[in-house]
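K.L.:
The structure is given below, and queries will be raised subsequently.
The values are calculated or read from the model by the stated rules, or taken from the named source; none is laboratory data. The structure displayed is predicted, hence computed values, not measured ones. Because the Cβ atoms are built from the backbone with ideal geometry, glycine has one as well, and the counts that use them run over all protein chains shown. All accessible areas refer to the heavy atoms of the entire protein, side chains included, with ligands and DNA or RNA removed. Shrake-Rupley method; radii C 1.70, N 1.55, O 1.52, S 1.80 Å.
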Amino acid sequence: MGGLLIIIILFGAVWLLLLVPARRRRAQHEAMQDSVEAGDDIITAGGLHGTVKEIDDETARVEIAPNVVVTLDRRAIAAVATEIEVDAEPETPAEPS
């Protein structure tokens, strides 16, 4: 009986530590894909960067270069590109006296 209890506890730990976070990440990714609109800069699963020109339920038309528009499956959108603001000169800590 004790061995069965250990197996049940291990199964519960695996479920809590692996499956629940994976389900949460998948839900967040699907929400991101559903929120993509025309004009958004995206990164595809293949690593292409582009701008969404049109989007519908199943596909997205993405401009990857001037006058080059490709049609992608909506599920191929890996991320919405965001600009990272970088300081021109990093601040240096004050030197102790």
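K.L.:
Quick one: count up the residues across the stretch 34-62 that are open to solvent by less than 90 Å² (accessible area, probe 1.4 Å) and closer than 15 Å to V80 by Cβ.
P.N.:
The number of residues fulfilling the criteria is 18.
K.L.:
Also: Which ones in the stretch 36-54 are in contact with a Ser or Thr (Cβ under 9 Å, 6 or more places away or on another chain), within 11 Å of A79 (Cα to Cα) and either in a loop (DSSP other than H, G, I, E, B) or aromatic (F, W, Y) (or both)?
P.N.:
Selection gives D40 alone.
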